[in-house]
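Worksheet: one structure, shown below.
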Amino acid sequence: MHGPASSGWLLVALCAATGVYCLLRMRSGVEEQRSAAGGEALMGFGMAAMAVPAAVFTPPAWVWPGYAVVFGAAGLRALWAARSGRHHLHHLVGAAAMVYMAVAMTGSPAHAHAHGTSGTPVLTGALLLYFTGYVLLTGVRLIPVVAVAGGGAGVPPVPAPGGGPGAGGRAATGWGDRPELARACRLSMAIGMLAMLLPL
């Protein structure tokens, strides 16, 4: 059908563009940025490949167990990295969602997810709640905050948190190190994850 195929291609484009941006972020001089960007690039390209409409390409049956192994390993890596930072737990949930979808695709290789009378499985519902909350919270964090010091008129605005020396109140860092761009990248992947989880 034209509708699902066109939305599938939009999802492929969103996830692939996010993956490319994450690859560019891997050139950062900050080790933590490079490490996170690598996992996010894998997630973006994996989601893009998974979202290709079945009318165009139906992968062989061995692809889905391969996905489960790759993203299971990515989840273990995120779990190990979570010892040093809580934000890696989001990568763990994303990898778990990819494993879950790969297992679901194994039983339904033609992307024909059944909408039976059993309702939404508990795990699908939990993942949908998590990613919905993540999208809303991250979206709010991306809204620029311009506070007026003292609340009076004519007082210069206080820079948003994270500002530092340099042009526009920003520290002199590369564009790949800007936290709002990394958040926007994660936000687009979370939106893509929601779109992929809804049909399950």
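Summary table
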{"read-out": "Qualifying residues in the stretch 1-18 (those that are of a type outside the set (A, V, I, L, M) and farther than 12 Å from G192 by Cα) - the one surrounded by the most Cβ atoms within 10 Å (Cβ to Cβ)", "value": "P4"}
{"read-out": "Condition check for A110: at pLDDT below 80, of a type outside the set (S, T, Y), open to solvent by 80 Å² or more (accessible area, probe 1.4 Å) and not in a helix (DSSP H, G or I)", "value": "no"}
{"read-out": "Subset of the stretch 53-91 [buried (at least 19 other Cβ atoms within 10 Å of the Cβ) and closer than 16 Å to G192 by Cα]", "value": "H90, H91"}
{"read-out": "Residue in the stretch 142-160 that is within 30 Å of V30 (Cα to Cα), surrounded by 10 or more Cβ atoms within 10 Å (Cβ to Cβ) and modelled with pLDDT of 80 or more present", "value": "yes"}
{"read-out": "Some residue of the stretch 117-126 being at pLDDT below 90, over 13 Å from L194 (Cβ atoms) and either among the acidic types (D, E) or open to solvent by less than 50 Å² (accessible area, probe 1.4 Å) (or both)", "value": "yes"}
{"read-out": "Neighbours by Cβ (under 8 Å, 6+ apart or cross-chain): first from the stretch 74-97, farther than 19 Å from L127 by Cβ; second of a type in the set (S, T, N, Q)", "value": "A81/S35"}
{"read-out": "Options G46, G29: the member that is open to solvent by less than 60 Å² (accessible area, probe 1.4 Å) and touching a helix residue (DSSP H, G or I) at 6+ places or on another chain (Cβ under 9 Å)", "value": "G46"}
{"read-out": "Output for the stretch 32-59, where each listed residue is assigned to a loop (DSSP other than H, G, I, E, B) and at pLDDT 85 or above", "value": "A51, V52, P53"}
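The values are calculated or read from the model by the stated rules, or taken from the named source; none is laboratory data. Keep in mind that this is a model prediction, so the values were computed, not measured. Heads up, the Cβs are rebuilt from the backbone with ideal geometry, glycines too, and the neighbour counts pull from every protein chain shown. Note: areas computed on protein heavy atoms with side chains; ligands, DNA, RNA excluded. Shrake-Rupley method; radii C 1.70, N 1.55, O 1.52, S 1.80 Å.
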